[in-house]
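Here is the structure we will look at, set down as structure tokens.
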């Protein structure tokens, strides 16, 4: 009983980055958590174990995240990952590591905003009812990757739902395309990445069938919108052994 | 066995109206249906029973629909209703009538477009995660009612989900409002009705919480988009005794 | 010559409010300006004249702004006003005051974001080509007035353009309206005010005619977006005697 | 005087296509025009001259249109062209032909909807105030070319306005792009082409600068929306010798 009321000890990797800074602030402000380690490039991971962190939050880079994850799982530390770049191949490696440490909980989420999580859930649900679907994601022009991790993940859940429903390719009569006009294809789904000053992080999923379209749009105006999801993931990681991909399963 | 392959005998009430005309055309084109009666103002309902209609589709008016429903249920004819104006009070009366004719199936739907049905389902699901929500519906300027039946229904499912989740009023600091600026309130949900030439039938549900919004938008470009839903409702009415409100339950 | 290179001496009224704080920061950061007075409730206006302010920026309240303006004009100080609530009647009073001080420049703008200024310019231009037009403005739920000053101003320029083009009322067959559903009417133009958490400041102007619509939308994500316009207005106020309403005339 | 009241004699090329059919209908319904020739593949152009057509409307294909234009100009017949695919090179050839027939009027328009014409005008005007701009056009999936002619034209007027204003490239930090994600580049402007069932013809131009975006969106719901513009172009062609590109100049 008393144990449950003790704050969760949290370390943050990438603590000086944009998302890491916000995460430190949010953990610090949460009644049920204690920020015990702020780690960035040049710092040793061991300071997380020295500080007896129960959960490590990783907002680093695709290059660094796998080593971090491996080390944390090895140390028996639960992990919440917000870093992008998780392919099915990478997820499999994490599952293998976890098979040797079955008590460790890892939550990997492409997006921590509740609206983005619902957008992906709704996209998966709507997919089988519409012959057409495209994704348009829009971000500030300092973003280095295109498409965004959220767009890749959305395309992947839509594609899976279409396969399950027996839908084939989206209809497309384009024969005369200027290079790139129809976007990139992610598992057969066309994805368009818009970059413009003023924008923050936005995504639109457009479904179409005869005579009607259904659009699901998420707008993030502020990194603060991600923090309730990060805290939810931290609380879940200590109670939910094994790998959880996406916040969807944690919402209910 | 053989019976199941015989076409469903369908009558249409309001057959000369815009939706009725489309419904007649769609029934006529469906392999598993036969259009046996087209009834409009001045025609007697009995021609539906004379023609041995198994299902009557009602696209009439709020004034006429209750009498039509009562008569059809009495005659043991299943009914699909696309006419708007169904309050909880009216639904209760239909339930009472059906209690005396338990074999009759009635499907009442505020909107037959699959995208609109999903929009309402998603709105009900998202409602508890966002402190703010508003509905903006947009139609051609020949529409006589504001808000639309679909908007009223959406507001009602959102309001119910908010009550269940223990959410109170939406935040709103407005103290200086020009009359009507904040729209109408439907069960506490603000609803705005836009009317403009060029538009067909559109609705946006906007959810907001700290730092993010989630928007679900449905666009009907063509009345043809309603017809797959009308045919689905007809097929369901003959197999599903009792009252079904909304197409949601029929999608799966 | 040398004079022109001396920084413009600027005082800010409402200096501790949200917009005032940003304005102080922007003036302070501008090479060609010097922030000489920060004045808020309880401070005397005379500190602006004591500090030899050449321009006073007013981000106060509709209650306070007219007294501030009168005093500044009287003192021969140029003024930039971002406070809302300027009716034609109020503008006339300002013109009268200025007639006795013809060398003083006053710029009153409902919105300092370049995108908002263009939105109003485009709305005025498009108005005569479309029989239908409606305004939907969307803001955070802490806003006290509905509609926004920008929406009122947009409606007013559209209404004037319609009159000039000989257009009558917008088409609208609504006979069955729930109170407020069709929004408020500003000079005959329907205006809808949406309030939701997560939103900042947004406005959509929807024009419609047979078979097509044209939408002009402005999104402010950050008060920072207003500051280039505020600085432009300050520079103009010292060089442009008389009353200027809106930034439109200053853009070119 | 009397001459002016005689109907304009109009021939339509591509008369059995989707746009041609609408054009025939619109000309037929116009009080001040007479439809004197409907010509399609397999018919000879000479039937236009035999019928003494004063204006020929061309809704054919990029392959056929140049021969048609050359022949009409040679015969002294005015032409309105709605066929897409007009490069600067093609326009130069038309100008050369017209230099030998200075009395002939040719109107070439990428889009005849008034809303689309205004969208392009507004895009050209806004371009210099925003460091970022992208175009997203959305059409039904039967369209064969991507981007649309309207998008190409919009990109071209924006690019010209940016050059004139001394703006360089749009900001874009993308270093990790999946092939096509950032769309195609038209004169340096990123253009994205979305194709989905249910859609008709839509385009969004998104401008961005610090803290704000301005979006201009045009929706065509119906080919009928093009016809007022086609009739306007026909009336102009007989009164305005030489080449006119775009309807913009004709609106006022």
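Structure notes:
- Checked against the criterion of being touching a helix residue (DSSP H, G or I) at 6+ places or on another chain (Cβ under 9 Å), more than 8 Å from every other protein chain (Cβ to nearest Cβ) and either buried (at least 17 other Cβ atoms within 10 Å of the Cβ) or within 30 Å of residue A:209 (Cβ to Cβ) (or both), the candidates A:85, A:105, A:115 yield just one match: A:105.
- Filter result (in contact with a helix residue (DSSP H, G or I) (Cβ under 8 Å, 6 or more places away or on another chain) and more than 20 Å from residue D:135 (Cα to Cα)) within the stretch A:127-147: A:127, A:128, A:129, A:130
Here's the yes/no breakdown for (1) surrounded by fewer than 24 Cβ atoms within 10 Å (Cβ to Cβ); (2) under 23 Å from residue C:142 (Cβ atoms):
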{"site": "B:195", "(1), (2)": "no, no"}
{"site": "B:210", "(1), (2)": "yes, yes"}
{"site": "B:218", "(1), (2)": "no, no"}
{"site": "B:223", "(1), (2)": "yes, no"}
{"site": "B:227", "(1), (2)": "yes, no"}
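- Residue C:173 being surrounded by fewer than 19 Cβ atoms within 10 Å (Cβ to Cβ), under 16 Å from residue C:112 (Cα atoms), within 7 Å of another protein chain (Cβ to nearest Cβ) and out of contact with any strand residue (DSSP E or B) (no Cβ under 7 Å at 6 or more places or on another chain): no
- Tally, over the stretch D:126-138, of residues that are facing another protein chain (nearest Cβ under 7 Å) and farther than 15 Å from residue A:198 by Cβ: 1
- Qualifying residue in the stretch B:178-188 (condition: under 17 Å from the mean Cα position of the chain (by Cα), within 30 Å of residue B:19 (Cβ to Cβ) and surrounded by 22 or more Cβ atoms within 10 Å (Cβ to Cβ)): no
- Selection of the stretch B:40-57 for residues being closer than 16 Å to residue B:83 by Cβ and either modelled with pLDDT under 95 or out of contact with any strand residue (DSSP E or B) (no Cβ under 8 Å at 6 or more places or on another chain) (or both) yields B:40, B:41, B:45, B:48.
- Taken residue by residue, the stretch B:106-124 has no member that is part of a loop (DSSP other than H, G, I, E, B), more than 25 Å from residue A:207 (Cβ to Cβ) and either touching a strand residue (DSSP E or B) at 6+ places or on another chain (Cβ under 7 Å) or free of Cβ contacts under 8 Å to residues at least 40 places away in the same chain (or both).
- Checked against the criteria, residue C:150 does not count as at the interface with chain B (Cβ under 7 Å from one of its Cβ atoms) and either surrounded by fewer than 23 Cβ atoms within 10 Å (Cβ to Cβ) or within 21 Å of residue B:134 (Cβ to Cβ) (or both).
- If the condition is being in a helix (DSSP H, G or I) and in contact (Cβ under 8 Å) with a residue 12 or more places away in the chain, then the stretch A:86-101 contributes A:90, A:91, A:93, A:94, A:95, A:97, A:98.
Conditions tested, residue by residue: (1) in a loop (DSSP other than H, G, I, E, B); (2) within 12 Å of another protein chain (Cβ to nearest Cβ); (3) on the phi < 0 side of the Ramachandran plot.
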| residue | (1), (2), (3) |
| --- | --- |
| D:185 | no, yes, yes |
| D:191 | no, yes, yes |
| D:199 | yes, yes, yes |
| D:214 | no, yes, yes |
| D:227 | no, yes, yes |
| D:243 | no, no, yes |
| D:249 | no, no, yes |
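- Residue A:74 passes every criterion in (1) away from chain D (no Cβ under 14 Å); (2) touching a strand residue (DSSP E or B) at 6+ places or on another chain (Cβ under 6 Å); (3) over 30 Å from residue B:127 (Cα atoms) apart from (2).
- Given (1) away from chain D (no Cβ under 13 Å); (2) surrounded by fewer than 20 Cβ atoms within 10 Å (Cβ to Cβ); (3) on the phi < 0 side of the Ramachandran plot, index of the condition residue C:145 fails: (2)
The values are calculated or read from the model by the stated rules, or taken from the named source; none is laboratory data. As the structure is a computational prediction, the values presented were derived from the model and not from experiment. Here Cβ is always computed from backbone atoms with ideal geometry, including for glycine, and neighbour counts include all displayed protein chains.
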